[in-house]
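Taking it in order: structure first as structure tokens, then the write-up.
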Amino acid sequence: MALIAFLLQIFLYCHFGNEVMLKSMKLANVMSTMDWTELSKKAKHGLLLICVRASNPIIITSGSVIPMTYDTFLKILKTSYTAYNLLQNAEA
């Protein structure tokens, strides 16, 4: 039961980290499709700054090193299973 709870907690962080990254990557594309001709010069300048900033996606990290994505979750699962098998073989 504890293992399921641990994996669920890690998965939730990875899932929402992945969603934030995907939404931030879509932001620049959505802003480029809107009608900029009706906006004021100040609003255009503000949206241009947002587009430039949105060119680099927002990535949530753990410890400023590990990005919280689905790939990270799969790597954690694979490493955990490998460690489990290693301990099972060492016990025998």
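The values are calculated or read from the model by the stated rules, or taken from the named source; none is laboratory data. Bear in mind that the values here come from a model prediction, so they are computed numbers and not experimental data. Heads up, the Cβs are rebuilt from the backbone with ideal geometry, glycines too, and the neighbour counts pull from every protein chain shown. Just the protein is used for accessible areas: all its heavy atoms, side chains included, with ligands, DNA and RNA removed. Shrake-Rupley method; radii C 1.70, N 1.55, O 1.52, S 1.80 Å.
Looking at PHE11, is it in contact with a Cys (Cβ under 6 Å, 6 or more places away or on another chain), surrounded by 13 or more Cβ atoms within 10 Å (Cβ to Cβ), among the aromatic types (Phe, Trp, Tyr) and at pLDDT 90 or above? In short, no. A Cβ distance below 8 Å, combined with a sequence gap of six or more or placement on separate chains, defines the contacts here; from the stretch 41-63, residues that are open to solvent by less than 80 Å² (accessible area, probe 1.4 Å) reach residues that are part of a strand (DSSP E or B) in the pairs ILE60/PRO67; THR61/PRO67.
Of all residues in the stretch 20-37, those that are closer than 9 Å to ILE58 by Cβ have Cβ atoms under 9 Å from Cβ atoms of residues that are among the polar types (S, T, N, Q) and loosely packed, with under 12 Cβ neighbours inside 10 Å, 6 or more apart or on another chain, in SER24/ASN56.
Per the conditions (1) within 30 Å of LEU7 (Cβ to Cβ); (2) more than 17 Å from the chain's Cα centre (by Cα), the sole criterion not satisfied by LEU48 is (1).
Please determine whether any residue of the stretch 73-81 is open to solvent by less than 100 Å² (accessible area, probe 1.4 Å) and in a loop (DSSP other than H, G, I, E, B). No, the stretch 73-81 contains no residue that is open to solvent by less than 100 Å² (accessible area, probe 1.4 Å) and in a loop (DSSP other than H, G, I, E, B). If you go through the stretch 41-72 and pick out every residue that is part of a helix (DSSP H, G or I) and not aromatic (Phe, Trp, Tyr), you end up with 16.
Restricting the stretch 14-40 to residues that are hydroxyl-bearing (Ser, Thr, Tyr) and in a helix (DSSP H, G or I) leaves a set whose member that is most open to solvent (accessible area, probe 1.4 Å) is THR33.
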